[in-house]
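Here's the structure, in structure tokens; my notes come after.
Read-outs: derived from the displayed coordinates by stated rules, not from any lab. Keep in mind it's a predicted model, so treat the numbers as computed, not measured. So basically every Cβ, Gly included, is an ideal-geometry build from the backbone, and we count neighbours across all protein chains shown.
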Amino acid sequence: MGFVELGVSKEIERGLNDLGIHTPTKIQTAAIPVLSTKNVDFIGQAQTGTGKTAAFGLPILARVDPEIDHIQALILAPTRELGQQIAKQLFKFTKYSNKVFTEAVYGGEKIDIQISRLNRPTHIVVATPGRLLDLLGKKALDISKIETLVLDEADEMLSMGFKQELKEILAQTRGKRNVWLFSATMPKELDEIINSHVSSDAIRVNINKTEAVNVGIEHQYVTGDDNNKLDTLASFLKSQGKSRGIIFTRTKAVAKVLAKQLLAKNYAVGLLEGDMLQKDRDKVMRAFKNKTVRLLVATDVAARGIDVDNLAFVVHYQLPDQTDYYTHRSGRTARAGKKGISLVLANPKEQKRIYEIEKELGIKFLKIR
């Protein structure tokens, strides 16, 4: 089944084809026909890398009336990167169709610049919660007439401490608007928001974990002591030639040390961790996207919202605590039908964890040595 069968216009389909998007994913197939035509609340659980942006973005584009000059949809995202990425995708989707104007607003950029941009015709606003409240406080935008409110990566917004902001924003948009909530996990805290602000007859879709793992990924692992990990990593990176990838750690401390060690070995490496200033983070991401940096060392939270095509591999220098995070991480490679490697550097204690992940996700790991 293609996108036109889901109700997507031929013009939008052309835009998708230009992006190499030809076959709808499970979350897109479940969400697009319903959200494009019905006034419903929606709760979708699906991992990163399963095409959630198109799952809510295409229905929003179908519903927005370009002739009406006010904000018709609001999309909330946890990070600046994810907000920018969503706005960019919406722009690309509409390459051959009526121009729908999207504005992204987030912290780390002068608020006056964003206020002046919002004075232009704007149909969709993509925002981080904190900056949106700042702008509302300055009466820089009006969200009272929105018809659709999307919470993207809702679990991540809560883990970043945005619970109060979300409640305030939801309270300010009460009325006829529909809430579409997308999340990789459903923590207890999210229930509170769902029970207070989402209709009790909301449509619920859960794309289960085993279906969320990209089929093009080869899952591999190497066992050894922690003190051999760096050498093992170096020989793997050598085998990958000039290919690009992300190396994940569980903690900020390990990420910082590892990035230094790789720099000392003359690798073109960038570091992404939670304590960084936004401008430093932007600099690293720019270098990675324009390929002056070949490798990224990142923690799980810092890597949310990264969208870089053609990554050949992901390395788990430390395994994450949650299986969901394994899916998030490995989903950075083998995108859009390509192949990729997800390599775990496991110490003897973590071997058991490999079997648990295999069982939970229905995947098979290949032991390299």
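Please list, by residue number, every one of the trypsin sites (Lys or Arg not before Pro) in the stretch 246-275 that is coil in DSSP and has at most 12 other beta-carbon atoms within 10 Å. Mind dumping the intermediate values first?
Details: sites: 250, 252, 256, 260, 265; in loops: 250, 265.
Passing both the DSSP loop test and the Cβ count: 265.
Peptides 72-78, 310-316: what's the order by average Cβ count within 10 Å, highest mean first? Show your work: numbers first, answer last.
Values: 72-78: 24.4, 310-316: 21.1.
The most tightly packed comes first, giving 72-78, 310-316.
Run the quick spin-label model on residue 347 and residue 235: label points 7 Å from Cα toward the beta carbon, then report their separation in nm to one decimal.
Roughly 2.0 nm, to one decimal.
Could you list 117, 131 so that the one with the fewest beta carbons within 10 Å of its beta carbon is first and the one with the most is last?
Placing the least packed residue first, the sequence is 117, 131.
Sort 8-20, 151-163, 342-354 for me by packing, meaning the mean count of neighbouring Cβ atoms within 10 Å per residue, highest on top.
Details: 8-20: 16.3, 151-163: 21.0, 342-354: 17.8.
Ranked from most to least packed, the peptides come out as 151-163, 342-354, 8-20.
With runs of 4+ DSSP H residues as the only contributors, calculate the mean residue ellipticity of the chain at 222 nm using -39,500 (n - 2.57) per run, divided by the residue total and rounded to the nearest 500.
It comes out at -12000 deg cm²/dmol, rounded to the nearest 500.
Distance from the Cα centre of the stretch 183-256 to that of the stretch 1-46, in angstrom?
The stretch 183-256 and the stretch 1-46 have Cα centres spaced 25 Å from each other.
Using a 10 Å cut-off around each Cβ, can you sort 199, 235 from fewest to most neighbouring Cβ atoms? Walk me through the numbers on the way to the answer.
Numbers: 199 13, 235 10.
Result, fewest neighbours first: 235, 199.
Just want the ordering: 93, 101, from fewest to most Cβ atoms lying within 10 Å of their own Cβ.
Details: 93 27, 101 18.
With the sparsest Cβ surroundings first, the list reads 101, 93.
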